[in-house]
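All remarks here apply to the structure that follows.
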């Protein structure tokens, strides 16, 4: 007697999403090795991948890559479903929301803008989760300026890296086209 | 194509101003404007930091001198053996305190909003 079998067919698009998420996971894990002066202050290099994917493949794929990155890197770093995971998820959700809202900005705004705005949203989302869930204490606001300054700095750096990667992209490289429709 | 577009400068400078504004509003904490002096746990004097003056506070060991000068306050002298509260130096920010345990005298700065000298979570 055969139990029911659920077969998941991963198509070309799924493979490509997984590949890009793997890049982001790699960056997350690598930067976790760097010491940080304050828990939560880190470069967020994985956001470079999110920004690139957003530009090339649109919001839907970027959401997939970003959320897969959050889940997979927390599994690797051992914080799955721990507070750090929820903070990471809150930050990623907030920055994806920000990216979704700022998608229709005129083209005078480049990757640097999106990166900075997403970094601010990220830290806003995280501090929101911390305040509502972990430390509902007014003293938390004392840390806000530090986090905001870090968000500005790292948002700028990541945005410049993203812009450089986009500008330096060889015209010979054919990006895999992804059908983003039915699933 | 330059890496930084014109709109990016706008975002960067707005971000910079936002960060400066956050530092200015969230980190000032208000300057202390009042000093509360206690002896044996009861408030014996509440004084404004605006007026320079010296208080003589009597405790079980003797007299502690509390001096207010230039918007700051300190324990100027105290009969306690280890002089911790004197070594605390000048206090100016809300929540700062000097406590002379042996002589049961404490000096605390109060501001318009109460800040915290320690946090637990």
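Go over the candidates B:19, B:44 one by one and state the one that is more than 14 Å from chain A (Cβ to nearest Cβ), without any contact (Cβ under 8 Å) to a residue 60 or more places away in the chain and over 18 Å from residue B:89 (Cα atoms).
B:44
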(message) Going residue by residue through the range A:131-139, is there one that turns out to be without any contact (Cβ under 8 Å) to a residue 40 or more places away in the chain and either surrounded by 21 or more Cβ atoms within 10 Å (Cβ to Cβ) or away from chain B (no Cβ under 11 Å) (or both)?
(response) yes
(request) For residue A:100, indicate whether it is closer than 22 Å to residue A:52 by Cα and either more than 14 Å from chain B (Cβ to nearest Cβ) or more than 13 Å from the chain's Cα centre (by Cα) (or both). (result) yes
(request) Test each condition in (1) surrounded by fewer than 17 Cβ atoms within 10 Å (Cβ to Cβ); (2) touching a strand residue (DSSP E or B) at 6+ places or on another chain (Cβ under 8 Å); (3) at pLDDT 90 or above for residue B:45 and report the one that comes out false. (result) (3)
(request) Look at residue B:71 and say whether it is surrounded by 14 or more Cβ atoms within 10 Å (Cβ to Cβ), away from chain A (no Cβ under 14 Å) and out of contact with any helix residue (DSSP H, G or I) (no Cβ under 8 Å at 6 or more places or on another chain). (result) yes
(request) Mind listing just one residue for me: the one in the range B:48-64 that is in a strand (DSSP E or B) and touching a residue at least 12 places away in the same chain (Cβ under 8 Å) and, of those, surrounded by the most Cβ atoms within 10 Å (Cβ to Cβ)? (result) B:64
(request) Looking only at the range A:21-36, decide whether some residue is in contact (Cβ under 8 Å) with a residue 40 or more places away in the chain, within 10 Å of the chain's Cα centre (by Cα) and outside any helix (DSSP H, G or I). (result) no
(request) Check A:113, A:95 and return the single one that is at the interface with another protein chain (Cβ under 9 Å from one of its Cβ atoms), assigned to a helix (DSSP H, G or I), crowded, with 23+ Cβ neighbours inside 10 Å and touching a residue at least 40 places away in the same chain (Cβ under 8 Å). (result) A:113
(message) Among the residues in the range A:73-82, are any on the phi > 0 side of the Ramachandran plot, free of Cβ contacts under 8 Å to residues at least 60 places away in the same chain and assigned to a loop (DSSP other than H, G, I, E, B)?
(response) yes
(request) Return only the number of the condition from (1) under 13 Å from residue A:55 (Cβ atoms); (2) more than 9 Å from every other protein chain (Cβ to nearest Cβ); (3) buried (at least 22 other Cβ atoms within 10 Å of the Cβ) that residue A:121 does not satisfy. (result) (1)
(request) Determine which single condition residue A:142 fails, assuming it passes every other condition in (1) touching a residue at least 24 places away in the same chain (Cβ under 8 Å); (2) within 14 Å of another protein chain (Cβ to nearest Cβ); (3) closer than 15 Å to residue A:39 by Cα. (result) (1)
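The values are calculated or read from the model by the stated rules, or taken from the named source; none is laboratory data. Every value quoted in this text rests on a predicted model; they were computed, and no experiment measured them. Positions of Cβ are generated from backbone atoms using ideal geometry, with glycine treated the same way; all protein chains shown enter the neighbour counts.
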